[in-house]
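Undergrad: My questions will all concern the structure given below.
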Amino acid sequence: MGLFTSFQLKSRDTETRRRAARSLGVRGKTSAIASLQPLLDDPEWTVRQAAVESLGLVADAAAGPPVLMAVRSADQLADPEGAAAVRAAAVEALGRIGSAGLPAVLEALTDRHARLRETAIGALGAIGGTEAVSALSRMVDDDRSSVRQAAVSALARAAGATAVPALKRAIGHRDPATRRTAAEALATVRDGAAVDAVRGALADGDRQVREAAVRALASIATTDAVSALVEGLHAGDREAKAAIAASLRSFEWAPRDAAERAVHAAIHGRFEEAAAQGAAAVEPLVAALADRDPDARRGAVSALGRLGQARAAAAMAALYRDTDARVRDAAADALAAIGPDALDAILEALRDRANPVRAAAARSLSALGEGRVATTLAARLGAGRAAQHGGTDLRIVSTRDELDGARQAADALGTLLRHGIAKVPVDSLRAVAGLTDVLLLEAGRVPDGSDRIEADELRQAAQDELRRRGL
């Protein structure tokens with residue numbers, strides 16, 4: 001090093017010191033290491049960064065320990081962005097030094113300083129090789145979340161498909177941030193084992209992990225990844241289904257069976273084509289109910305109505321709350337098309353406080369026919385065998401499930417009579433007026449008040465309406 005450069009390194013001017021540090025790196029001589037070391041504690045982060053970069057350009061094993069020391073002291077800087085820049089420069093420098101600096105980097109993995117471990121991990125990802133990959137696999141189990149995440153990302157870059165076993169451990173970790181990072185890392189591995197590792201994360205309890213899993217499978221984009229996403233439409237909430245549908249639209253793929261054909265058609269707005277696949281279309285059509293486009297929501301719910309699948313009724317009834325009146329009307333008509341099996345969802349909406357919701361449910365009820373509904377519910381209440389107790393007619397059921405079914409029918413019938421009794425035809429009203437109480441009798445058990453459904457209010461309401469009509 002020349003005398004002039006020596007003076008520049010000690011200059012009071014920050015830019016002069018920075019340029020001097022850079023010039024030493026360009027020369028690439030190992031003798032520069034000792035001259036650069038004092039600058040690693042410079043008060044200005046730009047000077048420290050330049051010194052670290054120059055140590056990387058020297059690319060000698062002796063430069064490794066000083067670079068790692070610069071990482072440790074970076075936390076003393078007042079500027080967090082400056083400290084981050086120094087650490088980033090250290091990763092690049094250690095990568096340049098390569099396998100020659102590996103011993104120092106491996107030793108840093110055991111340091112108590114988490115930032116130092118993270119930097120060493122980043123360097124190992126750049127250095128690569130069997131020894132680096134083995135060390136990164138161990139660091140996936142570090143007790144610090146930020147270190148685990150750094151190890152997961154570096155390992156995926158350095159090891160590819162061979163990283164999957166360690167990444168699978170990480171995606172099962174109790175820490176959501178680690179699981180999310182593992183899913184993101186697996187996105188870079190186009191391998192069947194990676195798909196298997198990510199598949200389970202579609203049902204993760206953390207929303208960000210689920211979203212990362214969806215993105216990962218879309219990025220992998222193999223036939224197995226498509227299959228996993230299609231299966232994911234059968235679980236999760238409305239928001240999760242919408243995210244999966246969006247991911248399946250983000251890349252080209254060819255459907256292989258009825259389930260995939262239904263999904264492919266539904267996510268591209270071909271709802272009738274999807275419905276032609278039968279029951280396999282229910283989940284993709286339900287996912288389309290969360291689409292931002294009201295025309296898509298309307299088309300999907302109409303197709304569900306034509307399918308007549310009662311298991312979709314609750315999701316369809318959620319559109320009673322839609323902000324678009326045309327969507328609400330389409331949902332009302334579709335639920336009516338399903339028939340009595342959609343009654344629970346329709347009658348539940350009749351109890352809602354919002355006028356548009358009640359109006360949409362009333363439209364469904366009117367299309368279905370109040371008489372048909374009343375007769376269906378009365379039949380449910382008439383389950384069991386006829387009996388008499390103390391001169392009173394009863395229906396006797398023998399299981400708790402039968403009693404619960406009858407109670408649900410009684411509640412639903414009460415809702416119908418409160419909101420639409422004027423439209424119930426005479427024959428249906430007479431069927432309701434003739435209802436009897438329902439009693440649960442289980443062997444070896446004396447019934448109490450909770451084992452009986454009293455139909456007095458239902459009978460009285462029907463009788464009052466018949467009298468009002470002069471009958």
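Undergrad: What is the distance, in nm, between label points placed 7 Å from the Cα along the Cα-to-Cβ direction at GLU239 and at ARG311?
TA: Result for the modelled spin labels: 2.5 nm.
Undergrad: Straight-line reach from LYS10: which aspartates and glutamates have a Cα under 16 Å away, not including same-chain ones fewer than 8 places off?
TA: The reachable aspartates and glutamates, counting only those whose Cα sits under 16 Å from LYS10, are ASP41, ASP42, GLU44.
Undergrad: Looking at segment 332-464 from every direction and averaging, what is the projected area of its Cα convex hull in nm²?
TA: 8.5 nm²
Undergrad: Ranked from highest to lowest mean number of other Cβ atoms within 10 Å per residue, what is the order of the peptides 386-398, 265-277?
TA: Result, highest mean Cβ count within 10 Å first: 265-277, 386-398.
Undergrad: How high is the FRET efficiency between GLN37 and ALA161 when r is their beta carbon distance and R₀ equals 25 Å, given to the nearest 0.05?
TA: Efficiency, rounded to the nearest 0.05: 0.05.
Undergrad: For segment 187-232, which trypsin sites (Lys or Arg not before Pro) are in a loop by DSSP, counting at most 10 other Cβ atoms within 10 Å?
TA: Taking segment 187-232 and a limit of 10 other Cβ atoms within 10 Å, no loop trypsin sites (Lys or Arg not before Pro) are found.
Undergrad: Given the -39500 (n - 2.57) contribution per DSSP H run of 4+ residues, what per-residue ellipticity at 222 nm results for the chain, rounded to the nearest 500 deg cm²/dmol?
TA: -20000 deg cm²/dmol
Undergrad: Right, another one. Any chance you could tell me what percent of the C-alpha pair distances in the chain go past 27 Å?
TA: Summing the P(r) of the chain above 27 Å gives 69 percent of all pairs.
Undergrad: Name the shape class, rounded, prolate or oblate, that the alpha-carbon gyration tensor gives for segment 193-339, where a ≥ b ≥ c are the square roots of its eigenvalues, rounded holds for a/c under 1.5, and otherwise prolate holds if a/b is larger than b/c and oblate otherwise.
TA: Taking the square roots of the gyration eigenvalues as a ≥ b ≥ c, segment 193-339 is prolate.
Undergrad: Just subtract the alpha-carbon distance of ALA62 and ARG19 from 0.36 nm times their residue separation and send over the number in nm, one decimal.
TA: 13.3 nm
Undergrad: Same structure again: Ignoring ligands, DNA and RNA, what percent of the 1.4 Å accessible area of the chain is carbon and sulfur?
TA: The C+S portion of the solvent-accessible surface of the chain is 49 percent.
Undergrad: Given a Förster distance of 56 angstrom, what is the FRET efficiency for ARG27 paired with SER145, based on the Cβ-Cβ distance and rounded to 0.05?
TA: Taking R0 as 56 Å, the efficiency between ARG27 and SER145 is 0.85.
Undergrad: Using a 1.4 Å probe, how large is the accessible area of ARG328, given in Å² and rounded to the nearest 10?
TA: In the full protein context, ARG328 sits at about 50 Å².
Undergrad: I'd like the distance separating the alpha-carbon centroids of segment 223-298 and segment 106-128, in whole Å.
TA: 43 Å
Undergrad: Any idea how far apart ASP257 and GLU107 come out in nm if each label point goes 7 Å out from Cα toward Cβ?
TA: 5.7 nm
Undergrad: A further question on this structure: Determine the percent antiparallel among the DSSP beta bridges restricted to the chain, to the nearest 5.
TA: DSSP beta bridges in the chain are roughly 65 percent antiparallel.
Undergrad: Residue-wise, which Karplus ³J(HN,Hα) couplings in Hz belong to segment 422-431, taking 6.51 cos²θ - 1.76 cosθ + 1.60, θ = phi - 60°, and x for glycine or proline?
TA: 5, 9, 7, x, 4, 4, 5, 4, 5, 5
Undergrad: Find how much the distance from ALA114 to ARG351 grows on full extension, using 0.36 nm per residue of separation minus their present alpha carbon separation; answer in nm with one decimal.
TA: 79.7 nm
Undergrad: Heavy-atom accessible area per residue, the chain, 1.4 Å probe: how many Å²?
TA: 46 Å²
Undergrad: Relative to the present Cα-Cα distance, how much length would full extension add between ARG445 and GLN460 at 0.36 nm per residue of separation?
TA: In short, 2.3 nm is gained.
Undergrad: Something else: Run down the aspartates and glutamates and flag those whose C-alpha is under 20 Å from the C-alpha of LYS29, throwing out any fewer than 8 positions away in its chain.
TA: Within the straight-line cut-off, LYS29 pairs with GLU53, ASP60, GLU92.
Undergrad: Moving to a separate point now. Can you list the aspartates and glutamates whose alpha carbon sits under 17 Å from that of LYS241, skipping same-chain ones fewer than 8 residues off?
TA: ASP204, ASP206, GLU211, GLU231, GLU260, GLU283, ASP291, ASP293
Undergrad: How do the peptides 294-306, 109-121 rank, highest first, by the average count of neighbouring beta carbon atoms within 10 Å per residue?
TA: Result, highest mean Cβ count within 10 Å first: 294-306, 109-121.
Undergrad: Continuing with this model, one more query. With a/c under 1.5 counting as rounded, go ahead and sort segment 357-424 into rounded, prolate or oblate using the C-alpha gyration tensor (a ≥ b ≥ c being the square roots of the eigenvalues; past the cut-off, prolate if a/b is larger than b/c, else oblate).
TA: In terms of gyration-tensor shape, prolate.
Undergrad: If each of LYS423 and ARG174 carries a label point 7 Å out from its Cα toward its Cβ, how far apart are those two points in nm?
TA: So the label points at LYS423 and ARG174 sit 5.6 nm apart.
The values are calculated or read from the model by the stated rules, or taken from the named source; none is laboratory data. All of these numbers come straight from a predicted model, not from anything done at the bench. Note that we place each Cβ from the backbone using ideal geometry, even for glycine, and neighbour counts take in every protein chain shown. Side chains included, ligands, DNA and RNA excluded: accessible areas come from the protein's heavy atoms. Shrake-Rupley method; radii C 1.70, N 1.55, O 1.52, S 1.80 Å.
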